[in-house]
Amino acid sequence: MAAKFDLNDDTVVVIVGSGAGGGTLGTQLALKGINTVILEAGKRHEIEDFVNDEWASFAQLAWTDMRTTSGSWRVARDFPNLPAWIVKAVGGSTVHWAGASLRFQPHEFKAATTYGRIKGTNLADWPISSDEMAPWYAMAEDRMGVTRTNGIPGLPGNNNYKVLEAGAKKVGYKEVSTGRMAINSQARDDRGACQQIGFCFQGCKSGAKWSTLYAEIPKGEATGKLEVRPESHVVRIEHDKSGKVTGVVYHDAAGTIRRQKARLVCVAGNSIESPRLLLNSESSKFPDGLANSSGQVGKNYMRHMTGSVYGVFDRPVKMWRGTTMAGIVQDEAGNDPKRGFVGGYELETLSLGLPFMAAFLDPGAWGREFATALDAYANMAGMWIVGEDMPQEKNGVTLDPKAKDKYGMPVARVHFDDHPNDVAMRNHAYSRGRAIYEAVGATRTFPTTPYPSTHNLGTNRMSAKPSDGVVNKWGQSHDIKNLFVSDGSQFTTGGAENPTLTIVALALRQANYIAEQLGQKTI
Ligand SMILES: Cc1cc2nc3c(=O)[nH]c(=O)nc-3n(C[C@H](O)[C@H](O)[C@H](O)COP(=O)(O)OP(=O)(O)OC[C@H]3O[C@@H](n4cnc5c(N)ncnc54)[C@H](O)[C@@H]3O)c2cc1C
Ligand code: SF4
């Protein structure tokens with residue numbers, strides 16, 4: 001039976017957000033016997049509610065509350081109020097996600113040391129090493145049922161993958177496979193095997209894809225220690241005279257203001273809402289926002305170096321059939337500065353349905369070039385490029401000076417400029433992506449501009465020294481002992497890999513730390 005806690009119960013751990021970080025942390029704390037309340041701004045949709053229709057699904061699941069943008073990135077021009085593609089629902093963005101689950105490479109935890117001083121960046125080393133992370137990665141892979149780990153076979157390759165694989169091998173790449181995916185290739189964990197339905201971004205109707213919505217949270221609720229409160233939008237974290245946090249203020253489904261007391265608060269609203277909440281919680285004691293004595297809350301926003309390449313062939317590919325991310329080329333993932341940039345990138349198959357393709361292939365485009373590309377949709381193959389982008393202090397989330405949400409709180413303004421390293425890496429990736437498709441007979445290729453950000457990272461970063469970041473190696477605020485950050489905003493740097501496995505591993509590790517500290521009464 002799911003728990004129900006009193007608003008005045010100040011013994012509970014309160015988590016803001018139920019996605020990869022918050023949903024995993026809440027479940028793990030409950031499994032350890034700790035009373036936990038997750039407050040989630042979005043609704044709770046179950047598997048049977050998902051719709052296999054791109055725009056209808058987006059309207060159902062995505063965070064469409066207003067945000068504003070600035071900076072030279074093209075997203076600010078094409079989608080000025082949609083800087084990021086994030087879910088507002090129980091399960092967070094693990095409802096939309098594709099399932100690619102890769103570990104960071106060891107050097108990526110030590111980016112400042114490995115890459116050296118690079119003008120315009122705010123590079124730092126993570127205060128954690130790859131060796132320290134290894135057992136937590138192993139636990140996350142087991143928990144999420146990641147293919148090619150724990151004896152779980154890889155997924156079969158669809159046509160989109162077969163085109164990628166053939167082209168990649170022709171240009172000499174070796175590390176080509178259907179990847180490590182948190183999608184069941186065989187029945188596991190009371191969930192069935194992937195049916196290759198092909199709507200992974202729309203919420204997986206078979207439940208084969210791991211999501212905190214149905215693979216974690218119900219296990220936490222079954223302990224009687226976890227309550228998930230949907231449609232509960234947190235607007236402020238409160239503290240006492242000593243600076244310790246005491247609870248949160250939120251609006252419930254009816255818009256009524258509620259106050260949930262707490263022993264400890266964990267912020268897991270994704271890298272745009274988490275810093276916004278800390279900044280909006282300013283007080284006379286903390287005039288620059290909570291956990292912000294370093295001035296780093298909201299700074300160093302990373303979104304991964306991304307872009308896509310589509311190739312048109314003279315025969316049908318039907319890339320939309322089967323898993324959306326069906327395979328990967330990893331030969332470019334290492335750090336080889338001879339290419340003209342530091343860090344590396346992955347090439348991963350991607351398929352968009354025709355409605356999204358029309359919106360994202362070249363936003364705002366019209367005319368023959370664009371129309372004939374859409375005419376050739378059935379003959380297209382697609383890949384996404386994802387690589388390490390540079391943390392820059394000027395890139396980040398601030399409170400918009402004018403725009404307010406329906407609760408009267410300033411909305412997030414997201415500023416982003418590419419660093420020259422990001423641009424050099426993207427151009428390299430575009431040319432390699434085109435070469436792959438041209439090697440197997442593409443008649444046209446389309447390097448495609450980045451979409452609203454799906455990987456949002458770094459705005460409450462971990463640091464060894466309190467003056468360099470917001471949280472310590474456990475995600476615990478340097479300034480306030482009982483305030484934690486539990487999502488992708490903790491990332492010190494982004495690595496080349498899709499981030500969710502690392503977010504989940506960090507949440508499992510943080511749950512252990514919180515349980516220990518509560519047990520020893522040190523928090
Ligand atoms: C289309 C798509 C495909 C993706 N594919 C992959 C992939 O293949 N591999 C990979 O590693 N990653 C992928 N990602 C990224 C991945 O989903 C995210 O990195 C991950 O879910 C982030 O976890 P999080 O805990 O930081 O935030 P989220 O999972 O986004 O959860 C945040 C939650 O907090 C809630 N919230 C925010 N503010 C408040 C508030 N004030 N009060 C209450 N609740 C609040 C939100 O509603 C949301 O539910 C993909 C993302 C998208 C959109
Ligand atoms: S392809 Fe597999 S993982 Fe994707 S939606 Fe279909 S069943 Fe789920």
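Region 331-486: Rg/Rh from Cα coordinates, Kirkwood Rh?
Taking Rh as the inverse mean 1/r over Cα pairs, Rg/Rh reads 1.05.
Projected area of region 51-135, taken from the Cα convex hull and averaged over every viewing direction, in nm²?
Working: hull surface 34.6 nm².
Mean orientational projected area (region 51-135, Cα hull): 8.6 nm².
When the convex hull of the Cα atoms of region 13-519 is projected onto a plane and the area is averaged over all directions, what value comes out in nm²? Working shown, then result.
Values: hull surface 86.9 nm².
Mean orientational projected area (region 13-519, Cα hull): 21.7 nm².
Per residue, what accessible area does region 13-519 have, given a 1.4 Å probe and all protein chains present, in Å²?
On the way: 17400 Å² over 507 residues.
Per residue, region 13-519 has 34 Å² of solvent-accessible surface.
Restricting to DSSP H runs of at least four residues, report the calculated mean residue ellipticity at 222 nm for the chain, -39500 (n - 2.57) per run over all residues, nearest 500 deg cm²/dmol.
About -7500 deg cm²/dmol.
Please give the helix 130-144 orientation as an angle from the longest Cα principal axis of the chain, in degrees from 0 to 90, rounded to the nearest 10.
80
Return one number: the angle in degrees, 0 to 90 and rounded to the nearest 10, between the long axis of the Cα atoms of helix 270-280 and the longest principal axis of the Cα atoms of the chain.
The two axes meet at around 30 degrees.
Can you give me the Cα centroid spacing of region 63-124 and region 1-37 in angstrom?
That distance is 26 Å.
If I fit a long axis through the Cα atoms of helix 500-519 and take the longest principal axis of the Cα atoms of the chain, what angle between them do I get, 0 to 90°, rounded to 10?
20
Could you please state how large a percent of the accessible area of the chain is carbon and sulfur, counting protein chains only and using a 1.4 Å probe?
52
For region 203-329, what percent of Cα pairs sit more than 24 Å apart?
Roughly 54 percent, once rounded to a whole number.
The values are calculated or read from the model by the stated rules, or taken from the named source; none is laboratory data. Because the structure is predicted, anything quoted here is derived from the model rather than measured. Each accessible area value is taken on the protein alone, full model and side chains, heavy atoms only, with ligands, DNA and RNA left out. Shrake-Rupley method; radii C 1.70, N 1.55, O 1.52, S 1.80 Å.
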